[in-house]
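The structure appears right after this line, and notes come after that.
The values are calculated or read from the model by the stated rules, or taken from the named source; none is laboratory data. As the structure is a prediction and not an experimental result, all values here were calculated from the model. Cβ placement follows ideal geometry from the backbone for every residue including glycine, while neighbour counts extend to all protein chains displayed.
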Amino acid sequence: MLPLSKHAGTGGRAKRTPDDFVVKEITDRGVVLQPNTSYDARALGIEEVPDGKFISFVLQKRDWNTVDALLAIAKKMGHGRKSIAYAGSKDKRSVSVQLASIFHATPFDMGSLRMSGISINGQWRSNGVELGQDLGNAFEVRIADAEHAENAAAIADELAGRMPNYFGEQRFGERGNNASIGVSILRGDFEGAVMEYLTGAGGERNERVREARRQLKDSLDFAGALSSFPRFLRGERKVLYYLSKYPGNYANALRLLPRGIAMMFIHAVQSQVFNEELEQRIRNQDFRSAVYSGSDFYGFPDMESIGPSGDFALGSLVGYESKVEEMGEYAEESMERMELSKEQFAIKPMPELAMKGAFRPLLSPVKELACRADGSALSLSFSLPKGAYATVLLAEFIK
């Protein structure tokens, strides 16, 4: 990804430990949740619902991803996955504070839970938390071994409160092949999609799993692969078992995956098109758009306020309803390189994965950006809207 800033980088390493990466959720009322701080509904400007069937709470976690932490809490309370909700997902390798809720009709003292790396910083009765209910996140990041930490101030000045709004590598999966799988689905090549899902090993770090994928690619023995694919690969094993019973039915094999996982493959294609568009725009210093968004009260993009003018130029997340005049030439060129059309996002053989299309700011605002160098240690603090990746901003500094 081409950086927006031209200044030489600082070098260094981020996220050596979870404590080097602190994530503080910004609630929809503009409250920045602080670590080791107790909250109640009134302090957050939230109306408590005494007869609500949910318990909302402030979750602080260290070295847990959001879903796993909440599932562990739910298990302690005798519930399952469907009982939990959260406003936004946070990095695993971090210390993070966020709003969450769990369905629990009877009184329960969340503070009585004792779990390593997890604490509950306040609770109240509610109607539950909804995904996307946050505005964004505030970050405190330490970068170690920065050989040129003194460059940070110049980079911050050059960015001038903005950064390229690339999708981070997380969007493309641990193996980096989510978009490849998605392209095969869009083309109706379900065999190709399934085989890439099962055997793609380019970014596979687990030697045992890498060997299992290689063997399956060579043998195409789905039943035999069940003995070599570890049990923690639950999605792959479901697909393998189905194909061992119903060989050749690749579309239905894909349907065994949770819809959210299958949709990630299509999202990754949209993300790749967007990233390629943004990179070309940075190369050409061209951020004109046919579509803009306004700002919300916090100064972040208001994606409910979209029109021909505004504060933030938007790029397309291509879908079957995307208008050609709004997509622009950069997105069209990327689609041509991938040999795709917007109509293919209707995915007629699997309409449950269809994407209508949406927009995303080309440049994200960076609020309250501050940097402090102490020898080879560099500390950064900043706030980003939801959907923007802190790792992309860190790349502007570290290079």
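Count, please, the residues in segment 270-310 that happen to be part of a helix (DSSP H, G or I) and either of a type in the set (Lys, Arg) or more than 22 Å from the chain's Cα centre (by Cα) (or both).
Selection size over segment 270-310: 5.
Under the condition of being more than 17 Å from the chain's Cα centre (by Cα) and touching a residue at least 24 places away in the same chain (Cβ under 8 Å), which residue from segment 71-94 is surrounded by the most Cβ atoms within 10 Å (Cβ to Cβ)? Outline the logic, then answer.
Start the filter on segment 71-94 by keeping residues that are more than 17 Å from the chain's Cα centre (by Cα), which leaves 71-84.
Now drop any that are not touching a residue at least 24 places away in the same chain (Cβ under 8 Å), which leaves 72-74, 76-77, 79.
Working: ALA72: 16, ILE73: 22, ALA74: 18, LYS76: 14, MET77: 15, HIS79: 16.
Among those residues, the one meeting the criterion is ILE73.
Strands (runs of 3 or more DSSP E) wholly in segment 321-399 with at least 1 residues that are among the aliphatic types (A, V, I, L, M) and within 21 Å of the chain's Cα centre (by Cα) - which ones?
Result: 358-361, 363-365, 377-385.
Pick out the one residue from VAL22, VAL49, VAL58 that is in a strand (DSSP E or B), of a type outside the set (S, T, N, Q) and out of contact with any Gly (no Cβ under 8 Å at 6 or more places or on another chain).
After ruling out the rest, the residue left standing is VAL22.
Has segment 346-368 got any residue that is closer than 24 Å to ALA262 by Cα, free of Cβ contacts under 8 Å to residues at least 12 places away in the same chain and surrounded by fewer than 21 Cβ atoms within 10 Å (Cβ to Cβ)?
Taking segment 346-368 first, the residues closer than 24 Å to ALA262 by Cα are 346-360.
After this cut, where a residue has to be free of Cβ contacts under 8 Å to residues at least 12 places away in the same chain as well, the list is 348, 351.
Next, from what is left, pick out any that are surrounded by fewer than 21 Cβ atoms within 10 Å (Cβ to Cβ): 348, 351.
Checked segment 346-368: at least one residue is closer than 24 Å to ALA262 by Cα, free of Cβ contacts under 8 Å to residues at least 12 places away in the same chain and surrounded by fewer than 21 Cβ atoms within 10 Å (Cβ to Cβ).
Search segment 1-55 for residues being out of contact with any Phe, Trp or Tyr (no Cβ under 8 Å at 6 or more places or on another chain) and of a type in the set (Ser, Thr, Tyr), and hand back the single one that is farthest from ILE118 (Cα to Cα).
Looking at the filtered set, the residue picked out is SER5.
Name the residue that is surrounded by the fewest Cβ atoms within 10 Å (Cβ to Cβ), counting only residues in segment 369-381 that are modelled with pLDDT of 95 or more and not small (Gly, Ala, Ser).
Result: ARG372.
At pLDDT 95 or above and outside any strand (DSSP E or B), is that true of ALA313?
no
Can you name the residue in segment 107-130 that is within 21 Å of ARG42 (Cα to Cα) and surrounded by fewer than 17 Cβ atoms within 10 Å (Cβ to Cβ) and, of all such residues, is farthest from the chain's Cα centre (by Cα)? Full working, then the answer.
Applying the first criterion (within 21 Å of ARG42 (Cα to Cα)) to segment 107-130 yields 107-111, 119-130.
Of the ones still in play, those that are also surrounded by fewer than 17 Cβ atoms within 10 Å (Cβ to Cβ) are 107-109, 111, 127, 130.
Numbers: PRO107: 33, PHE108: 31, ASP109: 31, GLY111: 29, ASN127: 25, GLU130: 16 Å.
Out of the qualifying residues, it is PRO107.
Give all pairs with beta carbons closer than 7 Å in which a residue from segment 168-193 that is at positive phi meets a residue that is not in a helix (DSSP H, G or I); count only pairs at least 6 apart in sequence or on separate chains.
GLY176/GLY202; GLY176/GLY203; GLY188/PRO349
Do you know which of the residues in segment 5-21 that are surrounded by 20 or more Cβ atoms within 10 Å (Cβ to Cβ) and within 21 Å of the chain's Cα centre (by Cα) is farthest from VAL97 (Cα to Cα)?
Restricting to residues being surrounded by 20 or more Cβ atoms within 10 Å (Cβ to Cβ) and within 21 Å of the chain's Cα centre (by Cα), the top hit is ALA14.
Specify which of the listed residues (TYR246, TYR242, TYR298, TYR292) is in the same structural domain as GLU207 (by TED's automatic domain parsing) and surrounded by 14 or more Cβ atoms within 10 Å (Cβ to Cβ). Full working, then the answer.
Working: TYR246 fails: surrounded by 14 or more Cβ atoms within 10 Å (Cβ to Cβ); TYR298 fails: in the same structural domain as GLU207 (by TED's automatic domain parsing); TYR292 fails: in the same structural domain as GLU207 (by TED's automatic domain parsing).
Only one candidate passes the filter, namely TYR242.
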